[in-house]
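Below you'll find the structure, written out as structure tokens, and then a few comments.
The values are calculated or read from the model by the stated rules, or taken from the named source; none is laboratory data. Fair warning: this is a prediction, and the values are worked out from it, not measured in the lab. We place every Cβ from the backbone using ideal geometry, glycine too, and count neighbours over all the protein chains shown. The area values use the complete protein model at the heavy-atom level, side chains included, leaving out ligands, DNA and RNA. Shrake-Rupley method; radii C 1.70, N 1.55, O 1.52, S 1.80 Å.
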Amino acid sequence: MTEYEIKVSKRIRNKIFGGKQVFTINEVQKREYPVGSLVKLVCGNKFVAWATINPKNPKHYIRILSTEKDYDLYSDIVNKLKIAQRYRDKIGYSRHYRWVYSESDFLSGLIVDKFENIIVIQNTNPYFDKNINIIKEAILDVGKNVETIYEKSVGKNREKEWLPPKERILYGSKTRTTIKEGGKKFIVDVKSGQKTGWFLDQRENRSIVKKFVYGKTLDAFSYTGSFGIISSDKADELWFLEKNRSSVEVLIENLKINGIDNAKVLNTNAYLVLKKFSAENRKFDVVILDPPDLLSENYKKGIRSFILVNSMAIDLIKDGYLISFSCSQDLKEDKMFSILRTLIRRKSRRFELISRLHQAFDHKVIFPHKELEYLKGFVLHIW
Ligand SMILES: C[S@@+](CC[C@H](N)C(=O)[O-])C[C@H]1O[C@@H](n2cnc3c(N)ncnc32)[C@H](O)[C@@H]1O
């Protein structure tokens, strides 16, 4: 099948059998094979796994493709797509969900999201990059009524692999659809949208947050308005803060298609508005904070931003709920809680912990790949 072979130790072999799928340059025999080559891993003379290599990225030097001796990419992807599909079916996810979550679905580096009949691919695996048409065919064969396959392989993770950004339609032509969640409708525009078009990772959290919404509610960093809109029946007054213009345009459309005509939408920098509201001593019953990843660029600066935004939000609450999220993988759950607790204590306020929130069930985390766990949040009653 290939002339490329790499020797691995027994320790690495055992890690592979234990589910580990990404290895650094220091963990295996170093080879300068071309990026994205198919490589056979052997321990002694025995076959261990098929893998691919990226000599340009020492951290993701080897990615495991399969531990089956007879490897064929098309059959392997079809099989894994079917297994991934069965799990989503079993937990009642239908119509929109993350179909493939990288290592957790044994397709290292590959994300496949589904929004009705539109499929979005985001890939950082160099072998899949070379064989994207095979992945496309497998999706068309396993997926039901697929109208469009859109590739959105862009962003920082792609740069780290030294792979060029690729954003294009692989099949069909439709790039916009409407999904339903929590009894509300939402436009998902996979082309202009962030991530793959919609924050699938907040699925359960949206219905949990709805339980606590009442009175005057502020949805800060709102994107296209999912939290506020799903909870809209329970709020007397709804405010949205979002910096990105095209997200605000979709948010306004989402309000319209759900018949919400009394919301206040500010296309603005949330930090400035929170500061202004604090200075004016304005009060809200519920503040939802779902900022972008603040820490990946600079940890210390990110922590300072996190403290600032949460501090301003706490000041807006007299007796109500702070629902605070972080999608920064570098900010661990306990650390986030300790920051919030310290902040509240320093303000001589009282609080109770109502709930800890996590990423949706289609974002499951295979161990040892704990880096796949990134989203956490807290519902705090503050008074
Ligand atoms: C994690 S997303 C929010 C997702 C949203 N809660 C949802 O579930 O659909 C963070 C959002 O914050 C926006 N954003 C980033 N910096 C901002 C800022 N300084 N002020 C307002 N919005 C900002 C981004 O454009 C993005 O839409």
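For the chain, the relative contact order works out to 11 percent when only alpha carbon pairs closer than 8 Å and six or more residues apart are counted.
Report the equivalent ellipsoid semi-axes for segment 1-134 in whole Å, largest first, defined as the square roots of five times the eigenvalues of the gyration tensor built from alpha carbon atoms.
In descending order the semi-axes read 28, 15, 13 Å.
With both labels modelled 7 Å from their Cα along Cα-to-Cβ, the Phe337 to Tyr71 distance reads 4.1 nm. Surface analysis of segment 279-333 yields an accessible area of 44 Å² per residue, using protein heavy atoms and a 1.4 Å probe.
Taking all protein chains into account, the per residue accessible area for segment 73-174 stands at 43 Å² (1.4 Å probe).
Multiplying the sequence separation of Arg346 and Glu204 by 0.36 nm and subtracting their Cα-Cα distance, what value in nm do you get?
Gain in length upon complete extension: 48.0 nm.
Relative to the current alpha-carbon distance between Ile354 and Ser94, full extension at 0.36 nm per residue lengthens the span by 90.7 nm.
Both numbers refer to the Cα atoms of the chain; Rg and Dmax are 22.5, 73 Å. So for the chain: antiparallel DSSP bridges make up what percent, rounded to the nearest 5? About 65 percent, rounded to the nearest 5.
Normalised by the number of residues in segment 189-382, the mean separation of alpha-carbon contacts (under 8 Å, six or more apart) gives a relative contact order of 20 percent. Can you work out the PRE-style zone for Ile366? Point 7 Å along Cα to Cβ, and I want the residues of segment 78-98 with backbone N under 20 Å. The answer is 78-91, 97-98.
Sequence neighbours fewer than 8 away in the same chain don't count; with that in mind, list the lysines whose C-alpha is under 16 Å from Lys211. Within the straight-line cut-off, Lys211 pairs with Lys184, Lys234. Rounded to 0.05, the FRET efficiency of the Lys300 and Glu249 pair, given R0 = 30 Å and the Cβ-Cβ distance, is 0.30.
Which value, in debye to the nearest 20, gives the size of the charge dipole of the chain about its Cα centre, when Lys and Arg are +1 and Asp and Glu are -1 at the Cβ?
Dipole size: approximately 1020 debye.
Between Lys7 and Asp330, the contour length at 0.36 nm per residue exceeds the Cα-Cα span by 113.0 nm. Taking other residues whose beta carbon is less than 13 angstrom from the beta carbon of Ser278, and scoring Lys, Arg as +1 and Asp, Glu as -1, yields +4. The alpha carbon centroids of segment 202-242 and segment 289-319 are separated by 18 Å. Around the Cα centre of segment 141-249, unit charges on the Cβ atoms of Lys, Arg, Asp and Glu (plus for the first two, minus for the last two) sum to a dipole of about 80 debye. For Lys300, the lysines whose Cα comes closer than 27 Å to its Cα, not counting residues fewer than 8 places off in the same chain, are Lys59, Lys156, Lys160, Lys195, Lys243, Lys275, Lys276, Lys332, Lys335, Lys347, Lys370, Lys376.
For segment 203-273, the relative contact order works out to 30 percent when only alpha carbon pairs closer than 8 Å and six or more residues apart are counted.
When both segment 331-367 and segment 1-34 are represented by their alpha-carbon centers, they are found 37 Å apart. Going toward the positive end of the dipole of the chain, with +1 on Lys and Arg Cβ and -1 on Asp and Glu Cβ, which of Gly183, Leu322, Pro34 do you reach last? The Cα lying farthest towards the positive end belongs to Leu322. Distances longer than 31 Å among the Cα atoms of segment 189-382: what percent of all pairs is that? Summing the P(r) tail past 31 Å for segment 189-382 gives 12 percent. Simple rule: put +1 on each Lys or Arg Cβ and -1 on each Asp or Glu Cβ in the chain, find the dipole, and look at Ile77, Met312, Tyr374; the Cα lying farthest toward the positive end is Met312. Projecting the Cα positions of Val248, Asn262, Ser231 onto the charge dipole of segment 202-264 (unit charges on Cβ atoms of Lys, Arg, Asp and Glu, taken about the Cα centre) puts Ser231 furthest along the positive direction. Accessible surface computed residue by residue for segment 5-66, with neighbouring protein chains in place and a 1.4 Å probe, gives 47 Å² per residue. Taking Cα centre as origin and charging only the Cβ of basic (Lys, Arg, +1) and acidic (Asp, Glu, -1) residues, the dipole magnitude of segment 73-174 rounds to 220 debye. Please report, as a whole percent, how much of the solvent-accessible surface of the chain comes from carbon and sulfur atoms (probe radius 1.4 Å). On the chain, the fraction of accessible area on carbon and sulfur atoms equals 49 percent. Among the GluC sites (Glu not before Pro) found in segment 215-280, those both in a DSSP coil and sparsely packed, with 12 or fewer other Cβ atoms within 10 Å of their Cβ, are Glu280.
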